[in-house]
Structures are given as C-alpha cells and as structure tokens.
Amino acid sequence: MSASLPFGFCLCLTAALASCGPAVISSGGSSYGRDIYGHRPGPKGFKTVIIDAGHGGKDNGATSPHSGQREKDLALDTAMRIRKELSRDFKVILMRSDDNFIDLDERVLRANRFPNAILISMHYNSGPSSCRGPETYYWRVDSHGLASRLQQAMCQASPAETGNRSLVRRRMRLTRNPEIPCVLLEGGYLSNTAESRQISGAAYRQKLASGIAAAIRTQAAIGDAGTGPLPRPINAPPSRPTDAPE
Ligand SMILES: [Zn+2]
C-alpha cells in the first residue's frame, strides 16, 4: 500500500462493510464449545473447506478500468478453480456457484453449519493505481497460521509480491464473525494496469488457485507448524454492517 494511505481500504472491502442487512450473529458462546473469539491454535486435520466467492448478483465488487472485468466474476472463477484443486481430498462447499447476491451475515450463518471446516473468501482488490500485490486478511488467532500460508502462496504466484500490504489483521464480518477459522484473500489489484492484465489471464488465476489449494492442504496436514508465534488474543464484538473501517 502506498505511504500516503497506510490505512487505506480497498473498494471491495469498503463495499462489503457498507452493505446492508440485519445483524444476525449471536454474541453468545459457540454451540460447539469454542472460544467465540477463536483464541486457539489453527486447524489441523479438517476435511471440509468452504470457498466463498466475494460479491455476486447486484454487487459487482470492483471493476477493472483496464479490462472491464468484474471482481464478482473473477472471484467466482477462482473459487471454482480452487474447488477443482481440492475436491479429491476435501469436501468443498461453494458459498455461491453462480451470479447470486448473498448478504455477508447470511454467508456467516451458512459457514457456521460446518463446525469442522475452514472458510476462504476470495476477492480481487481496488485502490490507488500504484497499489499492487496479493493481500490476506484475518482476525481470529486460529486463522493466523492459515492466513500466513495463504499469503505466502499467493505471493509465490504473483510477480508483485514486494508491492503489497501482505498479511493484515482486520476485524470484518467474514474474518471475525464465523465460528470457524476464516480468512479473506485479495488476489491482486484490478486498479493496477499491469496487475489487471495479469488477473485477466486464466493462467494467473489458475496459478493462484493451485497455490491456495496447496497451502490449505499443508495446513490440514501439519496445522500451524512453522508459521511462527500466534498473535495476541483480542476480545472484540462481532463486526456489524455499521462498523467504521478499522
Ligand atoms: Zn471484494
């Protein structure tokens, strides 16, 4: 991210936070006996992966000023590719498999139907034209190792790995509210000329999907091993549609 925008927000995240809908997440304890804040080591041995293609339907997300491609279509394409990569070894649930709008709180409710799963929300970014590179957002302690692996995998797929904000801890509805480990991935900036061209190519999206799938497989096999110390616990209420960007 450019120095002038140290706390900048990509358009798609802003849109996601601003979208309307009832706040339906309970702030009470988990029905699965877990710490509701996710203060525990990351997942290992999970068999179910939920892939959430960001946006959809009336919500296009970002649109590339260079290629005209819409984030919602690119995210769905990438989600499908990740599913194909993982389907031999995991039960893969797609949050949406077509151009449907699903409210963010509804996505959280659907994810919570699978207590031993992980949730990956796939997006592409938009911001100042100089911004580039993949980014990974997480909040829960139990999502840190997974997020680290996914960010590393996306950087290996992208030639812009040195130009990004990297791993970001941010409380959002899809990083705080689910009861399962959850991360939000930005596969690059549609607002950057070179990166938009790259994202428009199926070869890049496939490379990204293969890397993401490999990172998920590694997490399932060895948990957080090798991903460094866990972040500090933070007790914070569920993210609401009305939250100011933090
Ligand atoms: Zn988005």
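The values are calculated or read from the model by the stated rules, or taken from the named source; none is laboratory data. Source: prediction; values computed, not measured. For neighbour counting, all protein chains shown are included, and Cβ atoms are generated from backbone atoms with ideal geometry for every residue, glycine included.
On the stretch given as segment 222-232, residues that are touching a Gly at 6+ places or on another chain (Cβ under 9 Å) and exposed (fewer than 15 other Cβ atoms within 10 Å of the Cβ) total 3. Suppose we filter Ala213, Ala225, Ala194 for residues that are modelled with pLDDT of 95 or more and assigned to a helix (DSSP H, G or I); which single one remains? The unique qualifying residue is Ala213. Given the criteria in a loop (DSSP other than H, G, I, E, B), at positive phi and surrounded by fewer than 17 Cβ atoms within 10 Å (Cβ to Cβ), does Gly61 qualify? No. Taking only segment 108-141 into account, find how many residues are crowded, with 23+ Cβ neighbours inside 10 Å and of a type in the set (Lys, Arg). Residues in segment 108-141 being crowded, with 23+ Cβ neighbours inside 10 Å and of a type in the set (Lys, Arg): 2 in total. Screening Thr218 against (1) closer than 20 Å to Ala111 by Cβ; (2) more than 16 Å from the ligand (Cβ to nearest atom); (3) of a type in the set (Val, Ile, Thr) leaves a single unmet condition, (1). Those helices (runs of 4 or more DSSP H) of segment 67-178 that lie entirely within it include none in which at least 1 residues are of a type outside the set (Phe, Trp, Tyr), away from the ligand (no atom under 13 Å from the Cβ) and on the phi > 0 side of the Ramachandran plot.
If the condition is being surrounded by 15 or more Cβ atoms within 10 Å (Cβ to Cβ), modelled with pLDDT of 70 or more and of a type outside the set (Ser, Thr, Tyr), then segment 13-40 contributes Asp35, Ile36, Gly38, His39.
In the condition set (1) surrounded by fewer than 18 Cβ atoms within 10 Å (Cβ to Cβ); (2) touching a helix residue (DSSP H, G or I) at 6+ places or on another chain (Cβ under 6 Å); (3) closer than 20 Å to His123 by Cβ; (4) not basic (Lys, Arg), Ser239 is compliant with all but (1).
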